[in-house]
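The values are calculated or read from the model by the stated rules, or taken from the named source; none is laboratory data. Everything numeric in this text was worked out from a predicted model, so none of it was measured. All Cβ positions, glycine included, derive from the backbone under ideal geometry; neighbour counts span all protein chains shown.
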Amino acid sequence: MLGAFNIGRPRCGPSARMSRRTNTVAATVEGRIDAMRVAVPLVRGQVWLRVNGVAVNGTFDDPADIRTLQGLRQQATPVRVGVLEGGPGGLRHFSWLNAGQDRGIPPRYYVDQRRRGWRGIGISLAVAAVAGAGASLLDLSSFAQVLLLVLALTVALVAVLLAGFSLYGLWDNRRHRAAILRSEALYRDLLRTPVRHVAPSAQASVSRPQGEGETLITDAAPEILLIRGALASLTHEARPSMRTTPSYGVYRFQVGARRFIMYVAENFGDVLPFLAEGDQVEVAAYAGHIAGAGPEQLVYGLRNREDGRVYVCHHYFRAAFTDIAPVGVGLRQRVPMLSLLAILLLVCWLVVVAVLSSSDSPSGRETAPELAVVTFVFLLAAWLCIALPLLILDTRWRMGRPTRRQRILERIYRALGLGTPFAPTAVIEEV
């Protein structure tokens with residue numbers, strides 16, 4: 001049976017149950033919570049734990065659960081943590097916690113998650129059906145009717161997308177169903193079993209050296225400041241872009257005596273950094289000060305030495321600080337960006353086709369195919385105006401003829417010891 005043992009490492013026994021289609025395994029870890037990081041902003045509920053030397057990641061909807069974890073850590077209470085282990089690098093995801101005396105955090109049961117998922121799908125599809133029915137009733141006799149048609153189709157599209165995301169969540173849970181149910185069974189079986197007092201592991205008791213210092217890189221312009229130390233006074237602010245969503249996030253923090261500001265994209269699907277107060281980091285920033293920006297220095301990239309994640313900033317530099325900015329679209333961001341743009345342009349074309357095909361006049365119906373083709377060619381040309389320059393610039397870059405922005409990005413990679421943008425030595429999360 002899967003269980004905990006004295007050194008706090010999860011293991012699998014003869015009766016361990018694994019998801020049929022994945023390598024996800026239900027396991028338990030016992031020991032004290034010897035380290036805990038809570039990501040900023042707190043509303044996301046992202047937590048990283050180290051239980052007797054074993055790292056566990058979790059996301060919590062209820063802030064009371066996070067307070068429970070913090071209290072157990074402060075009291076050095078022995079705990080038993082259920083985890084789902086699998087994925088790249090053997091990541092362990094929090095499932096439940098038991099600290100004895102009716103203290104703990106129960107699992108989010110598979111049945112409840114499935115019920116919530118299907119309810120969300122039903123609501124989304126109902127909204128899509130209502131919006132689609134409303135669109136079909138419009139006669140398009142005026143410009144206002146056309147605008148209402150576009151609005152109704154947009155609402156229907158968003159609702160269908162939300163239903164699709166909920167369906168994907170159900171499918172993903174289904175893939176890991178065996179491990180999730182096994183973890184729930186472990187929770188029930190071990191609920192009344194006392195948590196053993198486990199001696200701290202060597203990893204938990206040995207402190208990691210905390211190197212600090214700063215280096216000024218002056219081989220070219222702009223000068224880059226590389227600084228190492230602990231994050232302090234960490235805050236997060238979400239801001240709209242052009243007064244509407246999508247939005248971007250602003251992290252402000254201090255390392256040593258210097259204050260920094262870091263801009264990250266927070267559109268749907270973007271990477272969200274995991275930064276917590278006190279994290280040991282390595283920051284590459286613009287060495288100068290930007291007029292009107294106050295005392296804070298602009299961050300180019302950040303390596304979090306707590307979990308090894310590396311963030312390189314791109315999104316905000318597409319239109320801001322262009323004289324000192326790296327490329328605005330990261331190499332890994334380009335395919336998703338161009339794919340999303342192609343989908344949006346295709347939706348626009350389908351709306352135009354729907355409007356043309358619903359014309360009441362015979363001449364309008366006769367010219368509809370030609371207008372549809374012209375519109376398609378125009379939208380395709382618009383997409384190529386974005387895709388081709390990226391392709392040409394990348395080709396020149398690979399041939400050893402980088403632009404000023406590309407050279408700045410290369411220097412940022414060298415400053416953080418990341419290799420080159422085309423051959424990085426670490427997994428880069430472009431924000």
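Below are the figures for this structure:
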{"read-out": "Enumeration of residues in segment 40-89 that are within 18 Å of the chain's Cα centre (by Cα), in contact (Cβ under 8 Å) with a residue 60 or more places away in the chain and farther than 28 Å from Arg177 by Cβ", "value": "Val40, Pro41"}
{"read-out": "Considering residues of segment 309-328 that are out of contact with any helix residue (DSSP H, G or I) (no Cβ under 6 Å at 6 or more places or on another chain) and at pLDDT 90 or above only, the residue surrounded by the fewest Cβ atoms within 10 Å (Cβ to Cβ)", "value": "Arg309"}
{"read-out": "Failed criterion for Leu331 (all others in (1) of a type in the set (A, V, I, L, M, F, W, C); (2) assigned to a loop (DSSP other than H, G, I, E, B); (3) under 23 Å from Val250 (Cβ atoms) hold)", "value": "(3)"}
{"read-out": "Failed criterion for Ser207 (all others in (1) at pLDDT 85 or above; (2) surrounded by fewer than 15 Cβ atoms within 10 Å (Cβ to Cβ); (3) part of a loop (DSSP other than H, G, I, E, B) hold)", "value": "(1)"}
{"read-out": "Residues of segment 415-429 satisfying the condition of being under 12 Å from Tyr300 (Cα atoms) and either small (Gly, Ala, Ser) or in contact with a Ser or Thr (Cβ under 9 Å, 6 or more places away or on another chain) (or both)", "value": "Ala415"}
{"read-out": "Neighbours by Cβ (under 9 Å, 6+ apart or cross-chain): first from segment 265-286, under 14 Å from Val250 (Cβ atoms) and part of a loop (DSSP other than H, G, I, E, B); second among the acidic types (Asp, Glu) and modelled with pLDDT under 90", "value": "Leu272/Glu266"}
{"read-out": "Residue within segment 354-367 that is under 29 Å from Val158 (Cβ atoms) and under 21 Å from the mean Cα position of the chain (by Cα) present", "value": "no"}
{"read-out": "Residue, farthest from Leu162 (Cα to Cα), within segment 80-135, restricted to residues that are small (Gly, Ala, Ser) and in contact with a His (Cβ under 9 Å, 6 or more places away or on another chain)", "value": "Gly86"}
{"read-out": "Count of segment 210-246 residues which are at pLDDT below 90 and surrounded by 15 or more Cβ atoms within 10 Å (Cβ to Cβ)", "value": "2"}
